[in-house]
Amino acid sequence: KVAIIGAGIAGLLTAWFLQEAGLRVVVLEAGRTAAGQTQNTTAKITAQHGLTYRKLIETFGLQRAAQYAKASWKAIADYRSIVKELHISCQLEEVPAYLYTRFNPKALADEAHAAAQLGIEATLLRESALPFPVEAALCFPRQAQFHPLQFLKAVAEPLTIYERSLVNTVEEHSVSTDQ
């Protein structure tokens, strides 16, 4: 048996994947399913996480940074697969993701170079569709957006979830709630 603490997007997806792998899973949520941070998400599914790749290469090296990049791209593919497999109507659509600056194009150029080192397609642009002028924009194509609550409703359906079950302690192989 596996207990997942938290019924946000991370907890529900973890529970779903574990259950798909054949494990018995229960999700414990202190409040309501998908009502915390997940409820207020931007709905982007992207491998573009700010000025991340240059920092990862500098801090952890090319190989570890490539692992992060690969996992980020796999996550996008996994979302698409789950939506298709479960026939989820959640307005999933492919869109580009942009990182922009009004002042420092060198930082974006460095990030574009880092992305290229990792095999990530990213294009440095001087113009964008934003309603204000930018010095530069870095475009990551083939990202996605969706309606996360519709997605999670379908993912949560086969799961055993206990809402309003605040976890008080986790000791060894035991989880206790007020209930």
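Going by average Cβ neighbours within 10 Å, how do the peptides 173-179, 106-112 rank, with the highest at the top?
106-112, 173-179
Mind giving me the nanometre distance, one decimal, between the label points for His173 and Arg32, set 7 Å out from Cα along Cα→Cβ?
3.6 nm
Using Cα pairs closer than 8 Å and at least 6 residues apart in sequence, work out the relative contact order for the chain, in percent.
Value for the chain: 30 percent.
What net charge do the residues around Leu13 carry, taking every other residue with its C-beta under 11 Å from that of Leu13, with Lys and Arg at +1 and Asp and Glu at -1? Spell out each step's value before the answer.
Values: positive: none; negative: Glu20, Asp78.
Summing Lys and Arg as +1 and Asp and Glu as -1 gives -2.
Tell me the angle of helix 105-117 to the major Cα principal axis of the chain, expressed in degrees between 0 and 90 and rounded to the nearest ten.
70 degrees
Would you list His113, His147, His87 from the most to the least accessible area, probe 1.4 Å?
I get His87, His113, His147, largest accessible area first.
On the accessible surface of the chain, probed at 1.4 Å, how many percent belong to carbon and sulfur atoms?
Of all accessible area on the chain, carbon and sulfur atoms account for 52 percent.
How large are Rg and Dmax for segment 84-179 when calculated on the C-alpha trace, in angstrom?
Looking at segment 84-179, its Cα Rg and Dmax stand at 21.3, 57 Å.
Consider the candidate values [x] 145; [y] 122; [z] 153; state which one is volume of the Cα convex hull per residue in Å³ computed from the structure displayed.
Correct label is [z].
Where the only charges are on Cβ atoms (+1 Lys, Arg; -1 Asp, Glu), what is the dipole of segment 13-97 about its Cα centre, to the nearest 20 debye?
With only Lys, Arg, Asp and Glu charged at Cβ, the dipole is about 240 debye.
Given the pairs Lys74/Lys106; Lys44/Lys74; Lys84/Lys153; Lys55/Lys106, which are separated by over 20 angstrom at their Cα positions? Present the calculation step by step, with values, prior to reporting the outcome.
Values: Lys74/Lys106 28 Å; Lys44/Lys74 15 Å; Lys84/Lys153 15 Å; Lys55/Lys106 14 Å.
Flagged as over cut-off: Lys74/Lys106.
For segment 7-163, with every protein chain kept in place, what is the accessible area per residue (1.4 Å probe, Å²)?
With all protein chains present, segment 7-163 gives 58 Å² per residue.
Using a 1.4 Å probe and ignoring any ligands, DNA or RNA, find the accessible area of Ser128 and quote it in Å² to the nearest 10.
The accessible area of Ser128 comes to roughly 40 Å².
Each residue of segment 126-132 in order: what ³J(HN,Hα) in whole Hz does its phi give by Karplus 6.51 cos²θ - 1.76 cosθ + 1.60, θ = phi - 60°, with x for Gly and Pro?
Values, residue by residue: 9, 10, 9, 8, 5, x, 8 Hz.
What is the extension gain from His49 to Glu163, computed as 0.36 nm multiplied by their sequence separation minus the C-alpha to C-alpha distance, in nm to one decimal? Walk me through the intermediate numbers first.
Working: separation 114, 0.36 × 114 = 41.04 nm, distance 3.10 nm.
Full extension from His49 to Glu163 adds 37.9 nm.
The values are calculated or read from the model by the stated rules, or taken from the named source; none is laboratory data. Since this is a predicted model, take the numbers as computed values, not measurements. So basically every Cβ, Gly included, is an ideal-geometry build from the backbone, and we count neighbours across all protein chains shown. Heads up: the accessible areas ignore ligands, DNA and RNA and are worked out on the full protein's heavy atoms, side chains in. Shrake-Rupley method; radii C 1.70, N 1.55, O 1.52, S 1.80 Å.
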